[in-house]
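Working notes, beginning with the structure itself.
The values are calculated or read from the model by the stated rules, or taken from the named source; none is laboratory data. Given the structure is predicted, the values throughout are model-derived calculations rather than measurements. Cβ atoms come from the backbone with ideal geometry, glycine included; neighbour counts cover every protein chain shown.
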Amino acid sequence: MKIEKNIPDKYLKTYMEEDRPGSAELIAFPTSTEEVQEFVRDAVLQNKTIIPVGSQTGLTSATYPVDNAWLISLEHMNQIHDLDEQTMTLNVQAGVTLAQIRDYLADTPYFYAPDPGNKNASVGGTAGTNAGGMRAISYGVTRDNIRGYDVVLANGEKIHVGSLNKKDATGYDLKDLFIGAEGTLGIITEMQLKIMPRPAYEQSIIMGFASLNGVSNAIFEVVKSPIQPVALELLEESGIEYSEAFINQKMEKVEGEAFLLTTLVDNAPDGLAFQVKAIEELGRRAGATEVRELSPEEAVNMWLIRDNILNGVVAQGDWKMYDPVVPNHEFTDLVIKAKELGTKHRLQTAFFGHAGDGNIHICVMREDQSDEVWEDSKQAYEHDLFPYVSEVGGLLSAEHGVGLEKREYLPYFKDEAYMSVLRSIKSALDPDNRMNPGKMFEV
């Protein structure tokens with residue numbers, strides 16, 4: 001196992017680009033679960049804290065190193081072991097990226113359903129935050145697409161949670177406990193991913209609306225209908241413009257100021273045609289100014305624009321993103337409220353998100369403020385935004401996690417009894433507070 005004490009700068013910051021590098025004593029690069037166990041046991045003997053690192057695509061500073069911690073990067077655990085067609089399982093190490101999985105399955109009749117925007121994310125990292133992505137409306141989030149995995153606990157022991165069986169009433173459900181725990185309970189090392197048969201036919205459609213109110217009506221009509229799109233995404237003018245500038249490519253001309261981009265799939269052409277007709281009628285009934293079926297080439301372009309909105313925002317300069325989730329009927333009201341708060345606090349805003357499951361991505365960007373005013377404006381924005389999200393029955397994070405960036409706001413959404421249970425679980429599995437301490441909540 002390679003261990004470095006001269007730690008490259010990229011491991012001392014995260015994708016969030018904190019103001020100053022964190023502090024770490026060393027970084028290890030294991031290639032197997034056994035080496036992870038060895039590393040954790042050494043940390044126990046020397047009373048060191050451990051911070052697991054994936055591809056560093058996270059958006060909450062969850063891997064930011066503090067207090068001279070030991071870092072453990074799983075990026076060299078990047079092997080896809082095999083595809084088991086009998087159980088429809090892909091066996092991988094946790095450092096494998098979504099792009100690797102996509103390419104590995106490209107010439108097979110199968111696919112891995114979770115589809116977060118950043119395809120360089122490691123699958124272990126997506127498990128750490130329970131990432132969702134654009135296909136979650138139909139296929140669920142990461143935890144719904146993992147059959148089982150090995151996890152190294154805070155004492156260096158390894159356990160396997162989950163199984164290849166489709167049903168399980170055998171004791172507590174530990175599989176879902178470590179998913180979304182942001183590395184605070186253990187280190188996921190080897191995973192059994194559920195794969196799906198690739199649908200035979202698909203069609204992408206874009207609907208344009210004169211305002212967000214029309215989008216709200218369309219979302220409601222689609223969600224309550226028998227039609228089940230595999231993706232239903234909100235695109236809004238400002239976000240589209242940032243993406244177009246980043247990739248130097250224009251969106252297909254569609255009348256409107258707010259848009260719904262959807263993809264439908266079926267294994268029979270007649271079935272797909274029925275769905276397409278039905279969703280087009282739903283869109284027009286909701287007041288769409290234009291409903292357009294996209295050619296395969298147009299669809300690739302449109303989804304490329306959707307995938308690069310965040311990259312376009314990042315290219316503008318200082319930024320921050322939030323990923324609250326609200327009940328579907330509150331979705332567009334949240335966007336309207338978030339826009340108003342941007343104006344109030346002199347922040348540029350851009351929006352995109354998973355309209356089908358109530359998860360909006362809110363980006364705020366710095367204008368001409370000083371460093372101090374920029375920091376104060378973000379905090380004031382958050383102090384207005386999160387109470388509103390809580391009041392309408394929403395939650396702090398849909399798929400990016402809490403980390404350090406949102407930790408202070410968790411009590412807005414979870415009462416003290418709930419927080420006490422979280423601390424009890426942490427204490428039971430990690431009594432020395434060794435695993436990624438201080439992330440998500442304070443012990």
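Remarks
- Top-ranked residue in region 414-443 [being touching a helix residue (DSSP H, G or I) at 6+ places or on another chain (Cβ under 7 Å) and free of Cβ contacts under 8 Å to residues at least 24 places away in the same chain; ranked as nearest to VAL40 (Cα to Cα)]: VAL443
- Residue satisfying all of: in region 149-166; closer than 21 Å to LEU83 by Cα and in a loop (DSSP other than H, G, I, E, B); modelled with the lowest pLDDT among these: LYS166
- Scanning region 220-231 for residues that are part of a helix (DSSP H, G or I) and surrounded by 23 or more Cβ atoms within 10 Å (Cβ to Cβ) yields a count of 1.
- ASP84 satisfies every condition listed in (1) within 21 Å of LYS194 (Cα to Cα); (2) among the acidic types (Asp, Glu); (3) touching a residue at least 40 places away in the same chain (Cβ under 8 Å) except (3).
- Long-range neighbours under 6 Å by Cβ, at least six apart or interchain, first residue not assigned by TED's automatic domain parsing to the domain that holds VAL223 within region 330-344, second outside any helix (DSSP H, G or I) and surrounded by fewer than 17 Cβ atoms within 10 Å (Cβ to Cβ): GLU330/VAL392
- Strands (runs of 3 or more DSSP E) completely within region 272-382 that count 2 or more residues being crowded, with 16+ Cβ neighbours inside 10 Å and among the small types (Gly, Ala, Ser): 348-354
- Among residues that are at pLDDT 95 or above, outside the structural domain of GLN93 (by TED's automatic domain parsing) and among the aromatic types (Phe, Trp, Tyr), PHE246 is included.
- Taken together, THR142, THR170 contain a single residue that is polar (S, T, N, Q) and surrounded by 18 or more Cβ atoms within 10 Å (Cβ to Cβ), which is THR142.
- Enumeration of residues in region 232-268 that are crowded, with 21+ Cβ neighbours inside 10 Å and in a strand (DSSP E or B): LEU232, GLU233, LEU234, LEU235, GLU236, ALA258, PHE259, LEU260, LEU261, THR262, THR263, LEU264
- Taking the conditions (1) in contact with a helix residue (DSSP H, G or I) (Cβ under 6 Å, 6 or more places away or on another chain); (2) not assigned by TED's automatic domain parsing to the domain that holds ARG147 in turn, THR57 satisfies each one other than (1).
- Residue in region 387-402 that is without any contact (Cβ under 8 Å) to a residue 60 or more places away in the chain, buried (at least 18 other Cβ atoms within 10 Å of the Cβ) and in contact with a His (Cβ under 9 Å, 6 or more places away or on another chain) present: no
- Any hit, region 84-103, residues being among the small types (Gly, Ala, Ser), on the phi > 0 side of the Ramachandran plot and assigned to a loop (DSSP other than H, G, I, E, B): no
- Scanning region 6-59 for residues that are free of Cβ contacts under 8 Å to residues at least 24 places away in the same chain, closer than 23 Å to ASP432 by Cβ and in a loop (DSSP other than H, G, I, E, B) yields one hit, GLN46.
- When region 71-126 is limited to residues that are hydroxyl-bearing (Ser, Thr, Tyr) and over 19 Å from the mean Cα position of the chain (by Cα), the one that is surrounded by the most Cβ atoms within 10 Å (Cβ to Cβ) turns out to be SER73.
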